[in-house]
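The values are calculated or read from the model by the stated rules, or taken from the named source; none is laboratory data. Since the model is a prediction, treat every value here as computed from it, not as a measurement. Methodologically, a virtual Cβ is constructed for each residue, glycine included, from the backbone with ideal geometry; neighbour enumeration extends over all protein chains shown. The accessibility values were calculated without ligands, DNA or RNA, using every heavy atom of the protein model including side chains. Shrake-Rupley method; radii C 1.70, N 1.55, O 1.52, S 1.80 Å.
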Amino acid sequence: MNLCSLQAVAWSLVLTVAAFGCDSSSGNVDPCLTALRINLEVDGAVINEVDYEITGNGIVITMFANSVDGTLTCRGSTPFHVEAGQTTSIDVILHCKEAPRFGSVRVNGELNICPEIEKIIVAPLQTARGYTLEVEAEASDEEDDDIHYLWTATDGFFDDPADQDTVFVCGETVEEQLTIEVSDGDCATAGLRLDSI
């Protein structure tokens with residue numbers, strides 16, 4: 001069993017308790033006797049003492065135990081009946097859990113500021129289908145990272161969509177949308193959209 005697991009591990013240990021009935025009808029009243037046999041060892045963890053408590057009208061015994069080295073905490077309970085002049089044997093199952101184990105995590109990170117689009121130029125401002133537009137974008141990066149450009153359109157095409165300055169050839173669509181997106185490789189800035197008719 002792997003004791004290094006961060007999840008609680010439970011064992012079932014059985015303690016046998018013999019409860020002797022009390023008979024108060026005779027002149028000599030003997031006290032009620034309880035015999036408890038303990039012999040517990042779980043994967044090297046030793047339990048040599050068990051505390052118990054008997055409560056309730058229905059008579060319930062609850063047992064508590066800790067291992068000597070403090071790595072296990074155990075608890076269990078069961079109801080039982082006592083008959084006068086008779087011995088009742090009961091088994092109490094102790095469910096044991098490992099004590100919480102805590103570790104540490106070291107996180108290293110870097111702050112990266114996304115590039116910002118500062119300027120977009122389109123010339124001419126009007127053109128016909130099949131004709132061209134010259135487009136240019138300018139962006140800056142706070143950490144001076146290399147900036148990558150990407151032009152996209154709903155119709156038509158770019159001579160070089162990854163170029164900062166490029167030429168767009170208008171398609172057959174009456175309304176077109178041009179979008180520019182800039183990135184430093186780690187972080188992209190949502191592109192600006194240009195509508196042309």
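With each pseudo-label sitting 7 Å past Cα toward Cβ, what's the residue 62-residue 84 distance in nm, one decimal?
Calculated label separation equals 3.0 nm.
How many nm is it between the label spots at residue 131 and residue 91, if each spot is 7 Å from the Cα in line with the beta carbon?
With each label point 7 Å from Cα toward Cβ, the separation is 9.4 nm.
If you average the sequence gap of Cα pairs under 8 Å that are 6 or more apart and divide by the length of the stretch 51-128, what percent do you get for the contact order? Intermediate results must be reported in sequence, preceding the final value.
On the way: 80 pairs, mean separation 16.2, N = 78.
About 21 percent, as a whole number.
Multiply the residue gap between residue 150 and residue 187 by 0.36 nm, knock off their C-alpha separation, and tell me the result in nm, one decimal place. List each step's numbers first, then the result.
On the way: separation 37, 0.36 × 37 = 13.32 nm, distance 1.34 nm.
Using 0.36 nm per residue and subtracting the Cα-Cα distance, I get 12.0 nm.
Ranked from highest to lowest mean number of other Cβ atoms within 10 Å per residue, what is the order of the peptides 50-61, 137-148, 175-186?
Numbers: 50-61: 12.4, 137-148: 14.8, 175-186: 16.9.
Descending packing order for the listed peptides: 175-186, 137-148, 50-61.
Using the heavy atoms of the protein chains alone and a 1.4 angstrom probe, what is the accessible area of the stretch 70-197 per residue in square angstrom? Before the final figure, lay out the partial values.
Values: 8680 Å² over 128 residues.
Accessible surface, normalised per residue, equals 68 Å².
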